[in-house]
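Asks: The structure that follows is given in the form of structure tokens.
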Amino acid sequence: MKKLETVNCEELMTEPLKPIEFVVDNLITQGLFILAGAPKIGKSWLALDICLSVAKGEPVLNAKTAQGTTLYLCLEDSRIRIQNRLYEMTDEPTEHLHFDLLANSIGSGLEEQIERFISEHRNTKIIFIDTLQKIRSNSPDSTYATDYKELSVLKSIADKRSVAIVLVHHLRKPKTPIRST
């Protein structure tokens with residue numbers, strides 16, 4: 001059973017808390033996020049651009065970044081595809097951007113994989129997981145409750161370790177076109 005943590009208003013308002021830090025100014029803070037959109041619109045390019053920019057401490061989308069280590073779990077890509085994209089984006093490699101092409105699923109080792117990386121790279125700022133579907137459990141249940149339970153594990157890691165975790169997700173195309181009358 002979970003222990004309730006009640007706090008009165010006065011205690012909460014006088015407690016010194018560490019402010020939330022932005023990884024990308026006014027866009028991404030520490031915590032869990034979903035970057036969702038239709039397939040093939042550039043989500044993976046944006047993910048790589050943000051990872052590279054944070055790793056180098058350079059602006060992204062005209063916004064300042066907090067320089068630090070980044071991890072890009074590019075689970076639908078190959079090494080050559082990532083290399084080609086990197087060459088299109090930069091001529092200067094950085095030791096602060098890391099890639100992994102394989103990951104375990106939620107509840108089957110992904111959490112440990114992320115925790116281990118953060119422990120080995122103490123200045124980790126952001127982790128992109130491309131795509132959410134690749135790390136989902138094999139549960140046939142795809143209800144909101146299952147989604148919430150699975151994603152809560154990642155949110156807990158992000159909050160505990162003060163990092164941003166961004167999940168890339170494809171939106172399904174509608175089966176029938178929407179028509180106006």
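Asks: Please work out the average accessible area per residue across region 64-181, using the 1.4 Å probe convention, and give it in Å².
Replies: 64
Asks: Okay, moving on. Quick one: pull the percent of accessible area on the chain belonging to carbon and sulfur, 1.4 Å probe, ligands and nucleic acids left out.
Replies: Looking at the chain in its full context, I get 53 percent from C and S.
Asks: Do you know the relative contact order of region 59-181, to the nearest whole percent, from alpha carbon pairs under 8 angstrom that are 6+ apart?
Replies: 30
Asks: Just for region 32-154, what percent of DSSP beta bridges are antiparallel, to the closest 5?
Replies: Working: 1 of 11 bridges.
The antiparallel proportion sits near 10 percent.
Asks: Over the Cα atoms, compute the radius of gyration (one decimal) and Dmax (the largest Cα-Cα distance, rounded to a whole number) for region 67-181, in Å.
Replies: Taking only Cα atoms of region 67-181, I get Rg and Dmax of 16.6, 58 Å.
Asks: When we measure straight from the Cα of Lys40, which lysines land under 23 angstrom away, once same-chain ones fewer than 8 places off are left out?
Replies: Candidates past the 8-residue exclusion: Lys134, Lys173, Lys175.
The values are calculated or read from the model by the stated rules, or taken from the named source; none is laboratory data. It should be emphasised that the depicted structure is a prediction, and the values quoted were computed from it without experimental measurement. The area values use the complete protein model at the heavy-atom level, side chains included, leaving out ligands, DNA and RNA. Shrake-Rupley method; radii C 1.70, N 1.55, O 1.52, S 1.80 Å.
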